[in-house]
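Q: Let me begin by handing over the structure; questions about it come next.
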Amino acid sequence: MPINIAIIGSGPAGFYTADALTRACKGCHIDIIERLPTPFGLVRAGVAPDHQTTKRIVKKFEKTALLDEVNYYGNVTIGNCVSLAELRELYDAVVLAVGAPNDRKLTIPGADKIGVHGSAAFVGWYNGHPDYQDLRPDLNVGTAAVIGVGNVALDIARVLVCSAERMAGSDLPDYASCAIQGSPIYDVHLFGRRGPIEAKFTNVELREMGKLNCCVPLAKAEQIPGDDDPVLAALSDRDRRLSERNLKTLRTFSVNRPDEKSKRVHFEFCATPVEVLGGDRVEALRFERTQVTDGRAEGTGDFFEVDCGLVVAAIGYRSDPIVGAPYEGDRGIIPNDDGRVAEGLYTVGWIKRGPTGVISSNRYDGEVVADYIHKDFGNLPKSDKAGRKGLESLFNARGIRYVTYADWKQLETMEIENATGVAPRRKFVTIEEMLEALDKSAPSREFA
Ligand code: NAP
């Protein structure tokens, strides 16, 4: 009997782990369990809809999914359909790869006003994530504010100001396209609580902001440090090079004219939000000017306000605790020793190390954990765990309707067929419509 491994979560961390396991533990059975019917986590619902080339990584993941030793069980919520304790009974090893799906909360006064959203919700909404269909943000405002200067903040600002032509080749759902293209938002402000040297965005993404045909990026020359700034000199060679590239790009933004194009993205640094102002709805944000000392933003006692009808806090993500696994509340991660959590329990990706890094950063996590699993179980003469047979019996006994990879491929075919123009797909955006579409296309399929 091969060893049996369950991976919970089908985002990049889950798929890189599955891929590494197929090489480290030859012949093992790998079952990927996912809460949504659709696989690929943030590649489908986090990567910006106009970044279709980034999404091509799913072709690699698909090769893994189609291997004989790999099964996919979508539409299965851990703790609801099956508990972690049950999975640990059924499998030799369980890998937690559930990511960090929730917003890090903005905790300033007024943050609960209508019109203030977190980036997980806002990005999920424009990416057609089933959890955020009800968000319906009011974009009938003139000015939007995005808090944070990471890549997610840039994505949000860009999606809000992108032309219909550029978005035509994206998989933006119709409702989001109508809301965004019909919106009178002409100004988007991005606020960094620290300076440009400390900004988290990467240069390719920053430069992209300067290439949009209907929007001009603007920065303030006096906020951009010179290349002789002592803070730069103290950085590692690599970090200094990265920062210098960003500073150079921001300098080009600082000579742009606001009237060059119809829309504007304004970069504002050393501004920490202190209050959301307005009645029930957001009407403005109040900031305290900061200075950066030893990498920390310190308030200067100077305050200013910026009018805005929409606020998106792109200040990072958080993981949920999982019943049956330890949880470190402060950092929002599962405490682990480079991926090992307990005997037979492992973790990878954002729930292992926090919400930073690009898609390929997960490859290392997967390789390390696959190596541990090989050391811990790969030399067992045989496994006495029930594995996928036991899992499917449990699902059948409970009437759990799981979605296979073949089902997903059917859904994907329909999404591609339903696309119009040059759009790559028209996404199904609710779980109900996905399951209904599968029913209609394969009415004889039995789920229980
Ligand atoms: P991030 O890179 O950590 O940026 C978060 C931003 O929020 C930072 O500017 C941070 O400022 C700010 N912030 C945090 N708490 C704040 C507060 N209380 N008030 C004001 N500002 C606050 O996170 P992210 O943008 O969510 O991205 C997550 C990861 O995904 C990153 O590694 C990112 O590179 C990656 N990603 C990559 C791409 C791409 O490659 N195209 C696209 C999207 C995301 P401080 O620095 O001062 O804390």
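The values are calculated or read from the model by the stated rules, or taken from the named source; none is laboratory data. As the structure is a prediction and not an experimental result, all values here were calculated from the model. Reconstructed Cβ throughout: ideal geometry from the backbone, glycine too, with neighbour counts over all protein chains shown. Ligands, DNA and RNA are excluded from the accessible area calculation, which covers all protein heavy atoms including side chains. Shrake-Rupley method; radii C 1.70, N 1.55, O 1.52, S 1.80 Å.
Q: Those residues that are buried (at least 18 other Cβ atoms within 10 Å of the Cβ) and part of a helix (DSSP H, G or I), I need them from the range 415-430; list them, please.
A: The answer is E415, and nothing else.
Q: Here's a follow-up. Of all residues in the range 197-223, which are aliphatic (A, V, I, L, M), within 16 Å of the ligand (Cβ to nearest atom) and open to solvent by less than 70 Å² (accessible area, probe 1.4 Å)? Even if it seems obvious, please write down each step before you answer.
A: Pass one, the range 197-223, residues aliphatic (A, V, I, L, M): 197, 199, 204, 206, 209, 212, 216, 218-219, 221.
Right, trim to within 16 Å of the ligand (Cβ to nearest atom) and you get 197, 199, 204, 206, 209, 212, 219.
Selection gives I197, A199, L206, M209, L212, A219.
Q: Could I ask something else about it? Those residues that are open to solvent by 30 Å² or more (accessible area, probe 1.4 Å) and small (G, A, S), I need them from the range 315-361; list them, please.
A: G324, G329, A342, G357, S360, S361
Q: When you look at N379, is it within 16 Å of the ligand (Cβ to nearest atom) and not assigned by TED's automatic domain parsing to the domain that holds Q133, yes or no?
A: Working: within 16 Å of the ligand (Cβ to nearest atom): no; not assigned by TED's automatic domain parsing to the domain that holds Q133: yes.
Against the criterion (within 16 Å of the ligand (Cβ to nearest atom) and not assigned by TED's automatic domain parsing to the domain that holds Q133), N379 does not qualify.
Q: I've got another one for you. Taking the range 195-213 on its own, how many of its residues are modelled with pLDDT of 95 or more, assigned to a loop (DSSP other than H, G, I, E, B) and farther than 18 Å from T356 by Cα? Before the answer, list the steps.
A: Of all residues in the range 195-213, those modelled with pLDDT of 95 or more come to 195-212.
If we keep only those that are assigned to a loop (DSSP other than H, G, I, E, B) too, we end up with 195, 199-202, 212.
Going one step further and asking which of them are farther than 18 Å from T356 by Cα, we end up with 195, 212.
The qualifying residues number 2.
Q: Are any of the residues in the range 116-125 within 16 Å of the ligand (Cβ to nearest atom), over 27 Å from P326 (Cβ atoms) and open to solvent by 20 Å² or more (accessible area, probe 1.4 Å)?
A: Yes: one or more hits.
Q: Here are L87, L66: which of them is in contact (Cβ under 8 Å) with a residue 12 or more places away in the chain and open to solvent by 40 Å² or more (accessible area, probe 1.4 Å)?
A: Details: L87 fails: open to solvent by 40 Å² or more (accessible area, probe 1.4 Å).
Exactly one residue qualifies, and that residue is L66.
Q: Still on this structure: Six or more apart or on different chains, Cβ under 6 Å: which pairs go from a residue in the range 128-150 that's open to solvent by 30 Å² or more (accessible area, probe 1.4 Å) and at pLDDT 95 or above to one that's within 16 Å of the ligand (Cβ to nearest atom) and not in a helix (DSSP H, G or I)? Could you list them?
A: T143/C308
Q: Please indicate, with yes or no, whether at least one residue in the range 297-311 is touching a helix residue (DSSP H, G or I) at 6+ places or on another chain (Cβ under 7 Å) and within 14 Å of the ligand (Cβ to nearest atom).
A: Going residue by residue through the range 297-311, those that are touching a helix residue (DSSP H, G or I) at 6+ places or on another chain (Cβ under 7 Å) are none.
For the range 297-311, residues touching a helix residue (DSSP H, G or I) at 6+ places or on another chain (Cβ under 7 Å) and within 14 Å of the ligand (Cβ to nearest atom): absent.
Q: Can we say P37 is in the same structural domain as A13 (by TED's automatic domain parsing), in contact (Cβ under 8 Å) with a residue 60 or more places away in the chain and in contact with a strand residue (DSSP E or B) (Cβ under 6 Å, 6 or more places away or on another chain)? Break it down into steps so the answer makes sense when it comes.
A: Numbers: in the same structural domain as A13 (by TED's automatic domain parsing): yes; in contact (Cβ under 8 Å) with a residue 60 or more places away in the chain: yes; in contact with a strand residue (DSSP E or B) (Cβ under 6 Å, 6 or more places away or on another chain): yes.
Yes; evaluated as a whole, the condition is true for this residue.
Q: Taking into account only those residues within the range 98-115 that are more than 13 Å from the ligand (Cβ to nearest atom) and either open to solvent by less than 60 Å² (accessible area, probe 1.4 Å) or in contact with a His (Cβ under 6 Å, 6 or more places away or on another chain) (or both), which is nearest to T272 (Cα to Cα)?
A: Per the criteria, the residue is G110.
Q: Kindly provide the set of residues from the range 176-196 that are more than 7 Å from the ligand (Cβ to nearest atom) and open to solvent by 20 Å² or more (accessible area, probe 1.4 Å), ordered by number.
A: S177, C178, A179, Q181, G182, P184, Y186, D187, H189
Q: Run down Y372, Y364, Y405 and say which single residue is under 30 Å from E328 (Cα atoms) and open to solvent by less than 50 Å² (accessible area, probe 1.4 Å). Reasoning before the result, please.
A: Details: Y364 fails: open to solvent by less than 50 Å² (accessible area, probe 1.4 Å); Y405 fails: under 30 Å from E328 (Cα atoms).
Result of the check over Y372, Y364, Y405: Y372.
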